[in-house]
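Chemist: Pasting a structure here, questions to come.
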Amino acid sequence: MGGAERSARKRRQQQSPAARAVTQARGGGPSRKTIVSVVAVVVLAAVVIGGVIWTNKSKNATEGTTIAPQTASAALDSPGERQGATVVSGKPEAKVKLDIWADFLCPYCARLQQQYGKQIEDQIQAGNVQVTYHMIPLLNNRSDPPGYSLASANAALCAADQGKFTPYHDSLFASQPAEGKRGYDNAQLIKLGQDLGVTAPGFAGCVNAGTYNQQLQDALTEVSKNPAFQGTPTVMHNGTVVNWTQNDWLTNLINQAG
């Protein structure tokens, strides 16, 4: 080996790591294009993994959480108010009789409850309004996994048997899960009833067994045949659809009834 060659070899050995990296980037090692490609793949993988983690976390947003119980006047409820798959709240002699079809997963139903729920309940207590609530599983396939609409409607009927329909109904709308996401499971639905004061052991059995599932599905099939039915929510007064998005619609109905 000649002196010139030995000198060049020595210079390469003494070259700093940073300098060697520059040499490699210029062609003395893996190409710059290759390095950039590897970095891009790593970044893309991180984005995909992060997206999967975020999606799973979003889908499981209700897992393990407690539904916030809402209070309501005890005068609104009685153990005998459930009639099949419906709940009738209010005095028979009330001058305004409403039918409300709703789904606990329906965001517009939650909006109806938020805007007019207290007013409706106040008028029921005052003896001016009677409401027949139809909780139907119209959006049963819109949760992940499917089934929340039916499970929550059944649980509300189970709560009605215990004289707790109104606070249970109000609580589910106040803590409504997002459409397309995970709904509350049976354990959470049972815990809500217990938090609202339901002590009867039959309540948990009613929720877990889906006692009223078939009646609810039959009710959905039946109302779907009605051309006046507009999905959820639909509000009717004496068989006529009411535009609940208009201000003072309930007050107007009461005033018109004299």
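Chemist: Pairs to check: Lys164/Lys225; Lys97/Lys191; Lys118/Lys164. Give those whose C-alpha atoms are more than 23 Å from each other in this structure.
Modeler: Violating the 23 Å Cα-Cα cut-off are Lys164/Lys225; Lys97/Lys191.
Chemist: Give me the Kirkwood hydrodynamic radius of segment 59-123 in Å, from all C-alpha pairs, to one decimal place?
Modeler: 14.4
Chemist: Now for a different question. Largest first, what is the accessible-area ranking of Lys118, Lys91 with a 1.4 Å probe? Provide the component values of the computation, followed by the final result.
Modeler: Working: Lys118 140, Lys91 100 Å².
Putting Lys118, Lys91 in descending order of accessible area: Lys118, Lys91.
Chemist: Measuring with a 1.4 Å probe in the full set of protein chains, what accessible area per residue, in whole Å², belongs to segment 83-127?
Modeler: Accessible area per residue, segment 83-127: 45 Å².
Chemist: Ordering Arg111, Arg182, Arg142 by how much accessible area each has at a 1.4 Å probe, largest first, what is the list?
Modeler: Putting Arg111, Arg182, Arg142 in descending order of accessible area: Arg142, Arg111, Arg182.
Chemist: Each residue of segment 127-135 in turn: what ³J(HN,Hα) in whole Hz from Karplus with 6.51, -1.76, 1.60 and θ = phi - 60°, glycine and Pro shown as x?
Modeler: Whole-Hz 3J(HN,Hα) from phi for segment 127-135: x, 8, 10, 10, 10, 9, 8, 10, 8.
Chemist: Taking all protein chains as present, what is the carbon and sulfur share of the accessible area of segment 90-178, in % to the nearest whole number, probe 1.4 Å? Mind dumping the intermediate values first?
Modeler: Values: 1440 of 3130 Å².
In segment 90-178, the share of accessible area belonging to carbon and sulfur is 46 percent.
Chemist: Per 0.36 nm of contour for each residue apart, how much would the distance between Ser73 and Thr251 grow if the chain were fully extended, relative to their Cα-Cα spacing?
Modeler: Working: separation 178, 0.36 × 178 = 64.08 nm, distance 2.06 nm.
Here the segment from Ser73 to Thr251 would lengthen by 62.0 nm.
Chemist: Using modelled amide H (1.01 Å from N, peptide plane; none on Pro or chain starts), what sits under 5 Å from the amide H of Leu105, excluding residues fewer than 5 places away?
Modeler: Sorted by chain and number, the residues that satisfy this come to none at all.
Chemist: Follow-up question, since we're still on this one. I want the local charge near Ser73. Using Cβ-Cβ distances under 13 Å, sum +1 for each Lys or Arg and -1 for each Asp or Glu among the other residues.
Modeler: Neighbourhood net charge equals -2.
Chemist: Among all the aspartates and glutamates, which ones have a C-alpha under 12 Å from Lys181's C-alpha, if same-chain residues fewer than 8 places away are not counted?
Modeler: Leaving aside aspartates and glutamates fewer than 8 places away in the same chain, those within reach of Lys181 are Glu63, Asp144.
Chemist: Let me ask something else. List every residue whose amide H lies under 5 Å from the amide H of Gly183, counting only residues 5 or more places away in sequence or on a different chain, with H placed 1.01 Å from N in the peptide plane.
Modeler: Asp144
The values are calculated or read from the model by the stated rules, or taken from the named source; none is laboratory data. If you're wondering where the values come from, they're calculated on a predicted model, not measured in any experiment. Cβ coordinates were reconstructed from backbone atoms using ideal geometry, including for glycine residues, and neighbour counts include every protein chain displayed. Areas reflect the complete protein model, heavy atoms only, side chains present, ligands, DNA and RNA absent. Shrake-Rupley method; radii C 1.70, N 1.55, O 1.52, S 1.80 Å.
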